[in-house]
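These notes are about the structure you will find just below.
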Amino acid sequence: PFCLLGDLSVAIERTFSIVKPDAVAKNVIGEIYSRFEKNGLKIVASKMVRLSQEKAEGFYAEHKERPFFPALVEFMTSGPVCVQVLEGEGAILKNRELMGATNPKEAAAGTIRADFASSIDANAVHGSDAPESAAREIAYFFAEEEICAR
Ligand code: UDP
């Protein structure tokens, strides 16, 4: 009488995304947002901001000891970025798939980084890599009332 196969549906998740300064400068915010929307991700919060050094350092605190950290902070503060919360089925993994590999030379054809990134540091987008980082990163940029249930 019972179906033990369980529920095969994928959970609705929220993930955090940044359109980085290189992609904003290239005027491809809309093209990147369009990738999200065409692939079942809804933008439920969005704003353009200029990161302070302190904000960028805090965001990338896990990379503090890495050799590329100073250059990464300098790049992320070099121009405005768009920060957004994306919502949808399996949003965290789906966004990572749409982004492609960190190094655009290794990114699969048709991914955001393959199409818009110039280098491993100026790589067009950020996306949370796990539920814990998604929750932390969303809260780092958005108050609860800035996220719009849809
Ligand atoms: N990064 C870099 N040089 C490297 C590795 C990473 O400049 O050798 C930067 C790059 O912008 C990357 C960010 O640091 O997006 C965070 O690195 P991570 O390994 O978390 O990659 P991601 O999750 O963004 O794909």
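Bear in mind these aren't lab numbers, they're just calculated from the coordinates by the rules spelled out. What you see is a predicted model; the values in this text were computed from it and never measured. Note that each Cβ is placed from the backbone with ideal geometry, even for glycine, and that neighbours are counted across all protein chains shown.
Data overview
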| read-out | value |
| --- | --- |
| Kirkwood-based Rg to Rh ratio, the stretch 63-126, C-alpha trace | 0.99 |
| Between the stretch 67-121 and the stretch 25-64, the alpha-carbon center distance in angstrom | 9 |
| Two-site label geometry, A71 and K38: point separation in nm, points 7 Å out along Cα→Cβ | 3.2 |
| Rounded to 10°, Cα long-axis angle of helix 29-38 versus longest principal axis of the chain | 10 |
| Contact order normalised by residue count of the stretch 1-116, Cα under 8 Å, 6+ apart, percent | 38 |
| For the stretch 98-150, convex hull volume per residue from C-alpha positions, Å³ | 110 |
| Rounded to whole Hz, the Karplus (6.51, -1.76, 1.60) HN-Hα couplings of the stretch 141-150, x for glycine and proline | 10, 10, 6, 3, 6, 8, 9, 9, 4, 9 |
| Sorted peptide list for 130-136, 14-20, criterion being average Cβ within 10 angstrom, highest first | 14-20, 130-136 |
| Stretch gain in nm, segment A108-E144, where the contour uses 0.36 nm per residue and the Cα spacing is subtracted | 9.5 nm |
| Spatial extent of the stretch 21-150: Rg and Dmax, with the Cα atoms as the point set, Å | 14.1, 41 |
| Cα-based equivalent ellipsoid of the stretch 1-91: semi-axis lengths in Å, sorted from largest, via gyration tensor | 33, 18, 10 |
| Gain on full stretching of the segment that runs from E132 to E54 - 0.36 nm per residue minus C-alpha separation | 25.9 nm |
| Residues whose placed amide H lies under 5 Å from that of V125, excluding near-sequence neighbours | K20 |
| Helix-only CD estimate at 222 nm, as mean residue ellipticity for the chain, using -39500 (n - 2.57) per DSSP H run (n ≥ 4) | -9500 deg cm²/dmol |
